[in-house]
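J.: This is the structure I have questions about; it appears just below.
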Amino acid sequence: MTAAQARAALPGATLEPAEDPDGLPMLSVTRDGVHTLLDLYLDVDEPRKERAKIELIRVFDAHCATRDGVRPGMPLAAVTGRYGRLRRVMTTESESREYAEVRKAAILARHPGG
């Protein structure tokens, strides 16, 4: 999906251009101007950001869930019950994020204090 397609798929949400602490381009998706739903990370090699493909999605809102019912704040044991065994856990130094990689899904992240 591209940034333009995401805008069309998220009626009522605001998608603002932003950068993460590492300078990676993204769109911050909010509702009602304050409640952050998602961060959509864009292809860094596409100069036309509306045509850039979304390469990573960080989900913050617990009302957002996968078809399998996986959502932010869910215990890792429940996630592995749906997506298979835990392969590894990684921690970034720049933001102290923890990432868990499971057998059947993309990498899942947890923020400190969240």
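Throughout, read-outs are computed from the coordinates displayed, never taken from laboratory work. Worth saying up front: this structure is predicted, and the values here are computed from it rather than measured.
J.: With the contact rule set at Cα under 8 Å and sequence spacing of 6 or more, what percent relative contact order holds for the chain?
T.: 15
J.: Give, in whole angstrom and from largest to smallest, the semi-axes √(5λ) of the equivalent ellipsoid of the range 3-59, with λ running over the eigenvalues of the Cα gyration tensor. It would help to have the intermediate numbers written out before the result.
T.: On the way: eigenvalues 62, 36, 14 Å².
They are 18, 13, 8 Å, listed largest first.
J.: Still on this model: Taking every Cα atom in the chain, find the radius of gyration and the maximum pairwise distance Dmax, and write them in Å.
T.: According to the Cα coordinates of the chain, Rg and Dmax are 14.7, 40 Å.
J.: So what is the relative contact order of the range 3-59, in percent, for Cα pairs below 8 Å that sit 6 or more residues apart?
T.: 28
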